[in-house]
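Worksheet for the structure shown next.
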Amino acid sequence: MRSKGDVSRFQILVEIAERQPAVRQLEIADKIGMTPQAVSEYIRDLVDEGMVAVSGRSNYTVTKTGMAWVMENAATLELYVRHIRRDIIKHVSVWTAIAADDMKKGDIAGLYMKDGYLCAGKKPRSATATVYADAKKNNDVGIFDVNGIIEHHEGVVHVCKVPRVQHGGSLKVSKDKLKKIVAMAGFVAAVGIESSIALKSIGRDPDIFFGAGEGVIDAAYHGITCAIVITDDEFTNFVKRLENTPLEHKIHDLIIPEDHGSSDSDQ
């Protein structure tokens, strides 16, 4: 993403993926602030490079090659944004934390992470900040002039594969394995109705369903061990995305083998 051309290619591929297959180049041009002619030229180049497939008139789809390129660059952008948030904005912004103690304006607070939240207390820590205004314990408190490194460990992501409904769905999920994995996680997500039903069958509602992949990655970055129960058709793409992050992840196949039938007794 070092050139303006690559940024435009990225934007156009994302817009095609959102609108495919009936893509109106004028809508894309209006959305990203580019002339229709320029969008047309970019799309023609993307077709020639095998990143976009065309069928009929104005029917475009992003190919696997195109999606792989988008995912790779999206991961790079995500890391860059994290660098901006962590290393640059902190010098000029007021941040929000949870007050671990009653705090007074001007106090020097010790910063630490707990359950995915940034906390500020009176105890000395490896990272410190100045309190922006008075705050009571357990309330939100403004902090600025952050110094030092906040002690932080990213969470592990447990990726649990379950079958689509045409292959048995939630009935073909090892409930014993699922219970053990969920018991280790502080944040549980479901991708696909089959996954949601499998979780509910062990008495656990997912913490997130819509936007589950984004939520899990964000929670893991904040130090929370996560479990994402995901259908096998979405599994590969999500794992590839995880591989483009520094997050540790573990894969669990929860699909009961055919010769075991619907019983979970051997799991």
Run the Debye formula on the Cα coordinates of the range 192-259, all scatterers equal and no solvent, and tell me log10 I(q)/I(0) at q = 0.14, 0.20, 0.23, 0.26 1/Å. -0.45, -0.90, -1.16, -1.40
Where both partners of a DSSP beta bridge lie in the chain, what percent of those bridges are antiparallel, to the nearest 5? 55
Could you give me the ³J(HN,Hα) list for the range 55-66, computed from phi with Karplus coefficients 6.51, -1.76, 1.60 and θ = phi - 60°, whole Hz, x at Gly and Pro? 9, x, 9, 6, 9, 10, 9, 7, 7, 4, 4, x
Starting from the Cα-Cα distance between Lys31 and Glu18, subtract it from 0.36 nm times their residue separation and give me the gain in nm to one decimal. 3.5 nm
Using a Gaussian network model of the chain whose springs link C-alpha atoms within less than 10 Å, name the residue from Gly116, Gly33, Gly66 with the highest mean-square fluctuation. Gly33
Given H placed 1.01 Å from N in the peptide plane, which residues other than close sequence neighbours of His158 have an amide H under 5 Å from its amide H? Cys226, Ala227, Ile228, Lys250
Using Cα pairs closer than 8 Å and at least 6 residues apart in sequence, work out the relative contact order for the range 117-267, in percent. 30
Take Ser126, project a point 7 Å from its Cα along the Cβ direction, then tell me which residues of the range 135-176 have their backbone nitrogen under 12 Å from it. 148-154
Kindly identify the chain as rounded, prolate or oblate by the Cα gyration tensor criterion: order the square roots of the eigenvalues as a ≥ b ≥ c, call it rounded if a/c is under 1.5, otherwise compare a/b with b/c, prolate if a/b is larger, else oblate. oblate
DSSP-loop trypsin sites (Lys or Arg not before Pro) across the range 9-76, with at most 14 other Cβ within 10 angstrom: Arg24, Arg57
Using the Karplus equation 6.51 cos²θ - 1.76 cosθ + 1.60 (θ = phi - 60°), what ³J(HN,Hα) coupling, rounded to whole Hz, does each residue of the range 115-128 give in order, writing x for Gly and Pro? 6, x, 10, 7, 10, 10, x, 7, 5, x, 9, 5, 10, 9
Phi angles of the range 152-162, converted by Karplus (6.51 cos²θ - 1.76 cosθ + 1.60, θ = phi - 60°) into ³J(HN,Hα) in whole Hz with x for Gly and Pro, give 7, 10, 6, x, 8, 9, 9, 9, 10, 8, 10
Using modelled amide H (1.01 Å from N, peptide plane; none on Pro or chain starts), what sits under 5 Å from the amide H of Ala100, excluding residues fewer than 5 places away? Ala120, Gly121, Asn138
Spacing of the two label points (7 Å from each Cα toward its C-beta) at Lys104 and Thr63, in nm: 6.8
Going by the alpha-carbon gyration tensor, a ≥ b ≥ c the square roots of its eigenvalues, is the range 4-85 rounded (a/c under 1.5) or, if a/c is not under 1.5, prolate (a/b greater than b/c) versus oblate? prolate
With springs only between Cα atoms under 10 Å apart, run a GNM on the chain and tell me which of Thr231, Thr35, Thr63 wobbles the most. Thr35
May I ask which residue of Thr225, Ala99, Phe187 lies farthest towards the positive end of the charge dipole of the chain, with charges of +1 (Lys, Arg) and -1 (Asp, Glu) on Cβ and the Cα centre as origin? Ala99
Glu243 to His167: extension gain in nm, 0.36 nm per residue of separation minus the Cα-Cα distance? 24.7 nm
Given H placed 1.01 Å from N in the peptide plane, which residues other than close sequence neighbours of Gly223 have an amide H under 5 Å from its amide H? Gly155
Honestly the range 43-178 on the Cα gyration tensor test (a ≥ b ≥ c root eigenvalues; a/c under 1.5 rounded, otherwise a/b vs b/c for prolate or oblate) is just oblate
In whole angstrom, the spacing between the Cα centers of the range 104-160 and the range 1-62 equals 43
How high is the relative contact order of the chain, in percent, with contacts defined as C-alpha pairs under 8 Å that are six or more residues apart? 15
Largest fluctuation, Pro124, Pro206, Pro163 only, Gaussian network model of the chain with Cα springs under 10 angstrom, belongs to Pro124
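Here, each number is a calculation from the coordinates, and none is a lab measurement. This one's a predicted model, so the numbers in the text were calculated from it and none came from an experiment. We place every Cβ from the backbone using ideal geometry, glycine too, and count neighbours over all the protein chains shown.
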